[in-house]
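Notes follow once the structure below has been shown.
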Amino acid sequence: MGRPRSSLDEWVRGKVGLGPGEELTREKLADYQLGKLRALVDYVSRHSPFYRRHLQGYPLTALNSLDDLAELPFTTEEDLRAAGLKMLCVSQSRINRIVTLDTSGTTGRPKRICFTPADQALTVEFFQQGLATFTWPGEKVLILLPGERPGSIGDLLARAMQNLGVVPIPFGVGHSLAEMLAKLAETQAQVIIGIPVHVLALARYHRLWEPEKTINLKRVLLTTDYVAQAVVEVLQDSWQCEVFRYYGMTEMGYGGGIECRRHEGYHLYEGDFLFEIVDPVRGTRVPAGAWGEVVVTTLTRNGMPLVRYRTGDIARLLPEPCPCGSVLARLGPVKRRVKGWIRVDDETGFSIGELDEILFTLPGVVDFMVWRYGAAEPFWLEIEVEAIDRALSPGQIRRALETHPAMQSLLAQGRLQLTARGIPAPACYRPKTGKRRMEVRVTRGQP
């Protein structure tokens, strides 16, 4: 059973304002986006104290094509922390939801993202369009994301599902794997939406500890974090289900893009966003298809719109059209975060995504922690790996990590010392709810 290939295209086509029989083309989409961009720059320059100063000296008359967007300055997460409520284009009384984001170990002000009711209605629209690509009326969806508070991601997903005639089953996070599996079996949900490592742990728990539990799962959507291909393959093998990936972040109002059934990149929500890929060091645009940092401009937000926001995600725009026939641009898988890796030198480093691809292929692994110690070579890397129903041996973990060419070379050269240990995940295991990251600790000597 499949959906029309143009479901997202039809949605964007409506935003562009095309009449009956008019075809959505890249040229018509670009004209629409340019108009939205000019209106956005005018709007934020008049209403946001931050952007009034930030965009001073950049007149609207300079925006004659989408290429001219590259002349505008970036907005960074440091700007969000420092400017705070000065980012707003509306009065605080019109804000009904504020999300405080994990500062990833930084000190100072937290990063707060504000939403008006109109912004949240737009998020529901994003979710509704994404859900329409892989769910059908009457199906049940188990939501393994935070949803207790009004306006939370799980709550907005549930609203979107109700609009489609899909049955939401909010369950939240923080539950044990046994509780999650019991809910999945009890409800016979056909779809799960959740965090990659949480759903991975659930699949491995089901297979290893309670294989007698009968479920009716057909599809899984993974979101909120890096999605390793290794995780996708474990889910496909364990549950014989179709796995979709969703790209979005809080700063974007949870919009972004979703895979179609060809699973060859995220189809981007170009009616509401402009995407660029820039060199993460120089800040200049990279050639088509090249890797770089994703930069996003929100075209339709009214409370806290962002102009050229540096997401910190390293990915690439796929230059060829999708085999599904969509004209929308596609973003390839996110490779890593700009700050989400352990840097050895200018040429060498390890991202958590690369380690995901290695360690999640090991039997029963559900999560791991990484620490780097030392500011000079040789430095030490400590890795703790959790696995269902077993403790992997240090040798098993080390052999897997040595398949990473850079790590193998550094170990052979004596530039890296590795400490690995495996610990068993208990029967009452609860997936961690905090942000996964690698920690760097500058200390003297071996950990």
- Message: Would you calculate the convex hull of the Cα atoms in segment 62-132 and tell me its volume per residue in Å³?
- Response: 161 Å³
- Longest segment of the chain lacking GluC sites (Glu not before Pro) that sit in a DSSP loop with at most 14 other Cβ atoms within 10 Å: 213-346
- Assigned charges on the beta-carbon of Lys, Arg, Asp, Glu; the chain dipole about Cα centre (debye): 940 debye
- Message: I'd like the Karplus ³J(HN,Hα) series for segment 234-248: coefficients 6.51, -1.76, 1.60, θ = phi - 60°, whole numbers in Hz, and an x wherever there's a Gly or Pro.
- Response: 5, 5, 4, 6, 6, 10, 6, 10, 8, 10, 10, 10, 10, 10, x
- Query: In straight Cα distance, which lysines are under 16 Å from LYS183, not counting same-chain residues fewer than 8 positions off?
  - Reply: LYS140, LYS213, LYS218
- Ranked on Cβ counts within 10 Å of their own Cβ, fewest leading, ILE397, ILE95 go ILE95, ILE397
- Task: For VAL366, list long-range residues whose amide hydrogen, built 1.01 Å from N in the peptide plane, is under 5 Å from its own amide hydrogen.
- Result: GLU386, ALA387, ILE388
- So what does log10 I(q)/I(0) come out to for segment 341-441 at q = 0.12 Å⁻¹, using the Debye formula with one equal point on every Cα and no solvent? -0.38
- Task: Quote the Stokes-Einstein diffusion coefficient, in whole µm² s⁻¹, for segment 90-206, based on the Kirkwood radius over alpha carbon pairs, a temperature of 10 °C and a viscosity of 1.306 mPa s.
- Result: 101 µm²/s
- Message: With 10 angstrom as the radius, rank PHE50, PHE368 by how many other C-beta atoms surround their C-beta, starting from the fewest.
- Response: PHE50, PHE368
- Message: For SER393, SER176, which order do you get if you count the other beta carbons within 10 Å of each Cβ and list the fewest first?
- Response: SER393, SER176
- Task: Please tell me the relative contact order of the chain in percent, rounded to the nearest whole number, where contacts are Cα pairs under 8 Å and at least six residues apart.
- Result: 13 percent
- Query: Under the Karplus relation 6.51 cos²θ - 1.76 cosθ + 1.60, θ = phi - 60°, what is the ordered set of whole-Hz ³J(HN,Hα) values for segment 385-393, x standing for Gly and Pro?
  - Reply: 10, 9, 9, 5, 6, 6, 10, 5, 6
- Message: Using the Cα centre of segment 341-441 as the reference point, and only Cβ charges (+1 on K/R, -1 on D/E), how large is the resulting charge dipole? Debye, rounded to the nearest 20.
- Response: 360 debye
- Based solely on C-alpha atoms, express the radius of gyration and the Dmax of the chain in angstrom. 22.5, 70
- What ³J(HN,Hα) values, in whole Hz, does the Karplus curve 6.51 cos²θ - 1.76 cosθ + 1.60 give for segment 140-147 when θ = phi - 60°, with x put for Gly and Pro? 9, 10, 7, 9, 9, 9, x, x
- Of LYS28/LYS86; LYS111/LYS339; LYS86/LYS335, those spanning more than 26 Å from alpha-carbon to alpha-carbon: LYS28/LYS86; LYS86/LYS335
- Remind me, relative contact order of segment 341-441 in percent, using alpha carbon pairs under 8 angstrom and six or more residues apart? 32 percent
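We did not get these values from a lab; they are worked out from the coordinates using the rules stated. Every value quoted in this text rests on a predicted model; they were computed, and no experiment measured them. Positions of Cβ are generated from backbone atoms using ideal geometry, with glycine treated the same way; all protein chains shown enter the neighbour counts.
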